[in-house]
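Asks: One structure coming up, written as structure tokens, with questions to follow.
None of the figures in this text is laboratory data; all of them are computed from the coordinates on show. Keep in mind the model is a prediction, meaning the values are calculated, not measured. Here the Cβ positions follow ideal geometry from the backbone for every residue, glycine too, while neighbour counts run over all protein chains shown.
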There are 4 protein chains.
Amino acid sequence: MSKPVRARDFGLSCGNLQPGSRNSICDVPGVQVGHKTLVTGDIRTGVTAILPHPGNLYRDKPVAAVHVINGFGKSIGFVQVEELGVIETPILLTNTLSVGTCATALVRHAITGNPDIGRETATVNPVVLECNDGWLNDIQALAVSEDDAREALKSAAPDFAVGAVGAGCGMSTFGFKGGIGTSSRRIMLDGTEFHLGALVLSNFGRSGDLRLPDGRVVESLTPISTHPEKGSIIIVVATDIPLNDRQLKRVIRRSGVGLARLGAFWGHGSGDIALGFTTANRVRHDEGASLISQRALNENRIDALFEPMADITQEAVLDALIAADPTTGRDGHFRPSLRDAIDRSPLS
Amino acid sequence: MSKPVRARDFGLSCGNLQPGSRNSICDVPGVQVGHKTLVTGDIRTGVTAILPHPGNLYRDKPVAAVHVINGFGKSIGFVQVEELGVIETPILLTNTLSVGTCATALVRHAITGNPDIGRETATVNPVVLECNDGWLNDIQALAVSEDDAREALKSAAPDFAVGAVGAGCGMSTFGFKGGIGTSSRRIMLDGTEFHLGALVLSNFGRSGDLRLPDGRVVESLTPISTHPEKGSIIIVVATDIPLNDRQLKRVIRRSGVGLARLGAFWGHGSGDIALGFTTANRVRHDEGASLISQRALNENRIDALFEPMADITQEAVLDALIAADPTTGRDGHFRPSLRDAIDRSPLS
Amino acid sequence: MSKPVRARDFGLSCGNLQPGSRNSICDVPGVQVGHKTLVTGDIRTGVTAILPHPGNLYRDKPVAAVHVINGFGKSIGFVQVEELGVIETPILLTNTLSVGTCATALVRHAITGNPDIGRETATVNPVVLECNDGWLNDIQALAVSEDDAREALKSAAPDFAVGAVGAGCGMSTFGFKGGIGTSSRRIMLDGTEFHLGALVLSNFGRSGDLRLPDGRVVESLTPISTHPEKGSIIIVVATDIPLNDRQLKRVIRRSGVGLARLGAFWGHGSGDIALGFTTANRVRHDEGASLISQRALNENRIDALFEPMADITQEAVLDALIAADPTTGRDGHFRPSLRDAIDRSPLS
Amino acid sequence: MSKPVRARDFGLSCGNLQPGSRNSICDVPGVQVGHKTLVTGDIRTGVTAILPHPGNLYRDKPVAAVHVINGFGKSIGFVQVEELGVIETPILLTNTLSVGTCATALVRHAITGNPDIGRETATVNPVVLECNDGWLNDIQALAVSEDDAREALKSAAPDFAVGAVGAGCGMSTFGFKGGIGTSSRRIMLDGTEFHLGALVLSNFGRSGDLRLPDGRVVESLTPISTHPEKGSIIIVVATDIPLNDRQLKRVIRRSGVGLARLGAFWGHGSGDIALGFTTANRVRHDEGASLISQRALNENRIDALFEPMADITQEAVLDALIAADPTTGRDGHFRPSLRDAIDRSPLS
């Protein structure tokens, strides 16, 4: 994999805090990301998998939370995350109409690793989030298979491609080619360095509304759409800071700030949804003790996460826009790259 | 289809209000229910389909609401119902691990009827709810296919079987064989007769906890389980009373009262979830006007729906228990029928 | 204070679990309750104070949660409890129109103990809950003063009166005299004994709907009302089991089961609201560390709290009904005592 | 009252849509605003009253909704607004510790106009929202009296002062003097002109974070605070567009976009809360019919409200900042005016 072009290569950074060494969700130790990209005929779609930790997620469930900025979306798994505050499978991202297939793939994946599911123990709650790539992709083809989901899971690694890859293959943002982007920040607490990272599946924003961190409005090379803000954006958030699920929900809610800074107003037809987890608090499926111990953040320090949460959401979207190559898809539909629209002097 | 045995045939009725002519969710005009039942080898599962009205649901969306009594569940479709207050597909019920397959079947069903989905117009939000039938069914087999879901949809009619059929084939309740049950009440408003109806997929309750309307505690013929309350119950509610989505949510919340009367305390491992719709308020997908008119209930009269909501939930569960035949399933697991456990003199 | 008559003196107990030594919310170590009762002319009202622990609540905030069963209510303080998962003042109960006065009293009480409030540190979130005692009390008189609230706070002790006292002075339940009741259960976890206790301000239920634990329906001596279910019920829950705020919310939600067993269906006009706290998890206002440690319950054991939560809600209401003396109030309005309506052979 | 200085006088406007003739919440016909300002010794506080319509609000309740952006706040009245989707009193804004007093004032005000409250009919749900003005105001003095609240109510009119007046007297924003600001937009639907208006009580934002619509960062003349983002902001939203309560909630949620554009990230200690109402849908307290008719917006057109909602929130805050005079308060604490910090050529 060649070194991807990133937002910072084009001088686009958000806020004053320091990114992690990869400036990626995988700066949170243990997090891995994999893609399966489908490009053939009118198909421009795929699957992206996020593994919160390398162990058995069903046995060792990360504390998690969801936040719905605007609920025009078709995700699966949220009812149980709200009730129990944990996830127990990898997170899959895909196109809107492939959620069912990816959920089934996660079920089979969980059974393979835990043959007692649905027999001696409970069932499993697959978590799949989605955006509508129907502009560039023939979404009616339901091109994603369970095998594709499995390949995305298998390919997960700490280094991963950004841009028009995986679930991001057919996505659009502010009239440009969108897709997968990521960013992270270092956070010092009591002398220890932690990370907060985000990965976005970016597919939102009206053409003409994009605003760069320096205030520049960048119009797409395509004519400004008279269509409403559609699409969606999924923000997956990881941290190694110990948070309880309520704190995590407060943190990921600030992803909406990042979207607003970019020029979005969380349009009616946009499923803007955040899901976060911490690797530092886990719930054991087979816990033997009645009482357990967990760490949490001193709530008075939570602004230390709120501000970078806005920053990494904003920067991860720009990262997707910069990384994504111009793409022609279904019926000759075309999305240009932001790279070709901004004045630039790439720094590397 | 022979006339099914019903709860009232065994003297089990709840509350003092009058049921509709079928004592069924289909007393709400236009509502239809279909089943596909799978019984082979260790498979005891299926699909149940509820059609809110006979027209194109995507074009003519019933106002709807969801309420989570206890969120240990894996339903799909709730994020958008919460945001927009409508459903736009039939409702499918199935086993926990088949939600993905049924969601995909609903997607294809919607595309067939609306070829502009994901192209010229938005995508579609499939609604699938589930219970875990893993005690009687080899749930790991993922036996439900998209074709099975389609057959359930096709077989929908105003008269339908109750008991161990469709999604209810492998379900258990209070140590007895559970499954599909239904009940309804007539409600007079301003001189017009309306209906409130419920259909349950009943799979909850600890053995030994069941309490009949007359106060009798009925122990299962099987030994009292030391296992926690597991399973789940799905309550689908229909009415032809015009309600807005907030009112509908208030109404279906009272399903929890019916469960409590039966002896349940909404156990940790039980996904107790209600979904309601009204056929009297619909949102047109292609609405041309900017302002629309809708009717609603005078909120001061809403107790007229709260009380029967509790009654029909309670009675629909008893209906499932009375209708369900004793069943042997996976690995010889057996569930007796409530019919064989209570003193009885069937009335018909 | 003479030994109060309790529900168990009349053979009314709920469930099979063992109560604490007082069968009271004060079986949770450190919890104290005080009353100020106002009976003069047409005034039948008062204030009840619950102190979660004897220390400075603003400096040492108990983890807390609220749950709204039916939100026809005027409580104050819930927005912040939902956001932060703690309370930081005592809890006051009073009549609906006196919430403002009691909130101001709590503010002054907090400032007295914490002179830095609103100056060097944040403000304070008073928590006041209410029911409408307008049938027996001249509620328009706004008879409760800040001094009354302070007296309730000062009188708090581990032993307290139940029945028609404090905020319960003018309340009604199922056509009988209602008021303050309490109950508790012992819960063994990992070899240690804990407690779950509830105190109710009971003012709900239609005349004729009350159902005793043995199934008997007890009609009020007054004619059955044709009025809708009005009033309200407040359920305050305490425990010394370490729970996080999400778990606490799950537990107190089961208070609705107890209400349903009593014959209620959570009527439209009834503000049915639960607030819970644990003394075993506290958040320090002046916490110095960035990361803190908290204990929580193994979620798989939470049914051990769900079942007693239903039991103590049910029994606390019966406790209020048995303890309350028959009362004549405003305009000669009368409420009989349940004691005089049931067949009885008091056990003590 | 002299013509107030407004944000647009300093070239500060947000978005491209046309404001109403007053550029004020009172462009929504029938809405009136009044203030009582308290300036004496160390007291810098007050009350602001918003009257949704000139009639009897208890008898004719506007459909309403609340949205909590960040719940570090002490408002009263939200539980019932969430349940029933209406307000039934004027809205009062004041300092954090005076909520109780203002709630009591609203109760008495409602009883005066409706002598059946708490006797022949239900009680009343006062709605009071607040910010912490403790930096400039001696908030511990609890200086606001019921009479002050009544005076604010009595002084309500379609033209009202902005800046350091009423509840805004002692507020701060981004290190500048904050207070009351307002803005509105015209919205054409089906050939009819409607309005969406906001009034803010602005008291949020860290010094140094303010960003003007043209991208300029304006640092306060005071040194940048190392203190966390504190304070709060209340956004009251009015419209004459018929919306149901769910739609209204969706609309007012976009106020968070406006805050983000200004440079805020919804800090931990900031109670950022929105309350909206429509004058075009009302619920009659004494409704006789069982079924009522209400108009609503075609949901597909709701972006026509989302975008101006962000704009008017942003502009109303700037309006407060421009209108507010520099203020010295408690202990000599000083807040400069934004007017004195920006390059300017006032347009009028």
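Asks: Provide an ascending nm list, one decimal, of label-point separations from C:Ser293 to the equivalent residue in each further copy; define each label point as 7 Å from Cα along Cα→Cβ.
Replies: Label-point distances to the other copies, shortest first: 0.3, 6.7, 6.7 nm.
Asks: Output the DSSP H helices from chain A with an along-axis C-alpha extent of no less than 15 Å and a mean Kyte-Doolittle hydropathy no less than 0.0.
Replies: Working: long enough: A:99-113 (21 Å, 0.93); A:303-323 (30 Å, 0.71).
Span-like helices, by this rule, are A:99-113, A:303-323.
Asks: Under the rule a/c < 1.5 gives rounded, and otherwise a/b versus b/c splits prolate from oblate, where does region A:190-338 land using the Cα gyration tensor? Display every interim value, and only then the final one.
Replies: Working: a/c = 2.73, a/b = 2.16, b/c = 1.27.
Since a/c reaches 1.5 and a/b is larger than b/c, the shape of region A:190-338 is classed as prolate.
Asks: Excluding A:Glu151 itself, what net charge comes from residues whose Cβ is under 15 Å from its Cβ, given Lys and Arg +1 and Asp and Glu -1?
Replies: +1
Asks: Across region C:131-138, in residue order, what do the Karplus-derived ³J(HN,Hα) couplings come to in whole Hz, using 6.51 cos²θ - 1.76 cosθ + 1.60 with θ = phi - 60° and x for Gly and Pro?
Replies: 9, 8, 9, x, 6, 9, 10, 6
Asks: Using the charge dipole of chain C (Lys, Arg: +1 at Cβ; Asp, Glu: -1 at Cβ; taken about the Cα centre), state which of C:Ser21, C:Val127, C:Phe72 has its Cα farthest towards the positive end.
Replies: Farthest towards the positive pole: C:Ser21.
Asks: Among A:Ala320, A:Ala296, A:Ala157, which one shows the highest mean-square fluctuation when chain A is modelled as a Gaussian network with alpha-carbon springs under 10 Å?
Replies: It is A:Ala296.
Asks: Once you've got the Cα coordinates, tell me which of A:Lys3/A:Lys36; C:Lys3/C:Lys177; C:Lys61/C:Lys154; B:Lys249/C:Lys177 are over 21 Å apart.
Replies: Values: A:Lys3/A:Lys36 18 Å; C:Lys3/C:Lys177 19 Å; C:Lys61/C:Lys154 19 Å; B:Lys249/C:Lys177 32 Å.
B:Lys249/C:Lys177, as the Cα separations exceed 21 Å there.
Asks: Restricting things to alpha carbons, tell me how big the protein assembly as shown is in terms of Rg and Dmax, in Å.
Replies: Here Rg and the maximum Cα pair distance are 29.9, 92 Å.
Asks: Where a ≥ b ≥ c are the square roots of the eigenvalues of the C-alpha gyration tensor, would you call region B:153-225 rounded, which needs a/c under 1.5, or, failing that, prolate if a/b is larger than b/c, or oblate?
Replies: Details: a/c = 3.97, a/b = 1.49, b/c = 2.66.
In terms of gyration-tensor shape, oblate.
Asks: Starting from the amide H of B:Ser290, placed 1.01 Å from N in the peptide plane, find each other amide H under 5 Å away whose residue is 5 or more places distant or on another chain.
Replies: Under 5 Å from the amide H of B:Ser290 lie the amide H atoms of D:Asp190, each far enough along the sequence or on another chain.
Asks: Related question: Say each of C:Thr112 and D:Asp147 gets a label point 7 Å from the Cα, pointing the same way as Cα to Cβ; how far apart are those two points in nm?
Replies: That separation, rounded to one decimal, is 2.6 nm.
Asks: Using the Kirkwood formula on the Cα atoms of region D:1-145, what hydrodynamic radius do you get, in angstrom to one decimal? Each step should come with its number before you reach the end.
Replies: Numbers: mean 1/r = 0.0581 Å⁻¹.
Over region D:1-145, the inverse of the mean reciprocal pair distance is 17.2 Å.
Asks: Under the rule of -39500 (n - 2.57) per DSSP H run of 4 or more residues, summed and divided by the residues of chain D, what mean residue ellipticity at 222 nm is obtained, to the nearest 500 deg cm²/dmol? Before the final figure, lay out each step's value.
Replies: On the way: 6 runs with 68 residues, N = 348.
That calculation yields -6000 deg cm²/dmol at 222 nm.
Asks: On to the next question. Where Lys and Arg each count +1 and Asp and Glu each count -1, what net charge lies around B:Gln80 among other residues with Cβ under 13 Å from its Cβ?
Replies: Numbers: positive: A:Lys74, B:Lys61, D:Arg246, D:Arg250; negative: A:Glu130, A:Asp272, B:Glu82, B:Glu83, B:Glu88, B:Asp245, D:Glu299.
Summing Lys and Arg as +1 and Asp and Glu as -1 gives -3.
Asks: Which whole-number percent is the relative contact order of region D:99-168 (Cα, under 8 Å, 6+ apart)? Write out the running numbers ahead of the final one.
Replies: Working: 32 pairs, mean separation 26.8, N = 70.
Over region D:99-168, the number comes to 38 percent.
Asks: Most mobile of A:Thr239, A:Thr327, A:Thr182 per a Gaussian network model of chain A (Cα springs, under 10 Å)?
Replies: So, out of A:Thr239, A:Thr327, A:Thr182, the one fluctuating most is A:Thr327.
Asks: What FRET efficiency comes out for C:Ala289 versus A:Glu287 if R0 is 30 angstrom and r is the Cβ-Cβ distance? Round to the nearest 0.05.
Replies: On the way: r = 26 Å, r/R0 = 0.86.
Calculated transfer efficiency: 0.70.
Asks: By its C-alpha gyration tensor, with a ≥ b ≥ c as the square roots of the eigenvalues, how is chain D shaped: rounded for a/c under 1.5, else prolate for a/b larger than b/c, else oblate?
Replies: On the way: a/c = 1.84, a/b = 1.27, b/c = 1.45.
Taking the square roots of the gyration eigenvalues as a ≥ b ≥ c, chain D is oblate.
Asks: What number comes out for the charge environment of D:Lys3, summing +1 per Lys or Arg and -1 per Asp or Glu over other residues with Cβ under 14 Å away? It would help to have the intermediate numbers written out before the result.
Replies: Working: positive: D:Arg6, D:Arg8, D:Arg22; negative: D:Asp9, D:Asp159, D:Asp319.
For residues surrounding D:Lys3, the net value is 0.
Asks: How much of the calculated P(r) for region C:168-210 lies past 12 Å, in percent of all Cα pairs?
Replies: On the way: 590 of 903 pairs.
For region C:168-210, the fraction of Cα-Cα distances above 12 Å is 65 percent.
Asks: Just to be sure I understand: with springs between alpha-carbon atoms less than 10 Å apart, which residue in B:Val79, B:Val99, B:Val33 has the highest mean-square fluctuation in the Gaussian network model of chain B?
Replies: Comparing B:Val79, B:Val99, B:Val33 in the GNM, the peak value goes to B:Val79.
Asks: Sticking with this structure for a sec: Tell me the Rg and the Dmax, in Å, that the Cα atoms of region D:132-268 produce.
Replies: 17.0, 52
Asks: One decimal, nm, shortest first: give the distances between the label point of C:Pro326 and those of the same position in the other copies, each label point 7 Å from Cα along Cα→Cβ.
Replies: Distances between equivalent label points, in nm: 5.4, 7.5, 9.1.
Asks: While we're looking at this one, here's another question. With each label point set 7 Å from Cα along the Cα-Cβ vector, what nm distance links A:Leu17 and D:Ser21?
Replies: 4.9 nm
Asks: How large are Rg and Dmax for region C:236-311 when calculated on the C-alpha trace, in angstrom?
Replies: When restricted to the Cα atoms of region C:236-311, Rg and Dmax are 15.1, 49 Å.
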